Amino acid sequence: MSEFIINLTLDLHCADSDDADHELNELCDYITDRLTIVPAQTVLQSLAEALIELHEQVLEEAGKTVH
């Protein structure tokens, strides 16, 4: 097993909406369930990696030109 450090800084343009609130509640429920199965550090690492991957996908999508 190798160890590494993830430095994560986010600047997000957010909107207060019912959809965002609903998604937050869904994610919190899921994460709470996961915390009963695996250590918090494992959940935090997975969240960080998922955010990084999602951000990269969003950037790729934004860079595509539609003709």
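The values are calculated or read from the model by the stated rules, or taken from the named source; none is laboratory data. Keep in mind it's a predicted model, so treat the numbers as computed, not measured. Virtual Cβ from ideal backbone geometry, glycine too; neighbours counted across all protein chains shown.
Observations, loosely collected:
- When segment 20-51 is filtered for residues that are free of Cβ contacts under 8 Å to residues at least 24 places away in the same chain, surrounded by 10 or more Cβ atoms within 10 Å (Cβ to Cβ) and within 12 Å of I6 (Cβ to Cβ), the ones remaining, listed by number, are L44, S46, L47, A50.
- Reported count of residues in segment 1-13, each being at pLDDT below 90 and of a type in the set (A, V, I, L, M, F, W, C), is 4.
- L54 vs. criteria surrounded by fewer than 11 Cβ atoms within 10 Å (Cβ to Cβ), aliphatic (A, V, I, L, M) and assigned to a helix (DSSP H, G or I): yes
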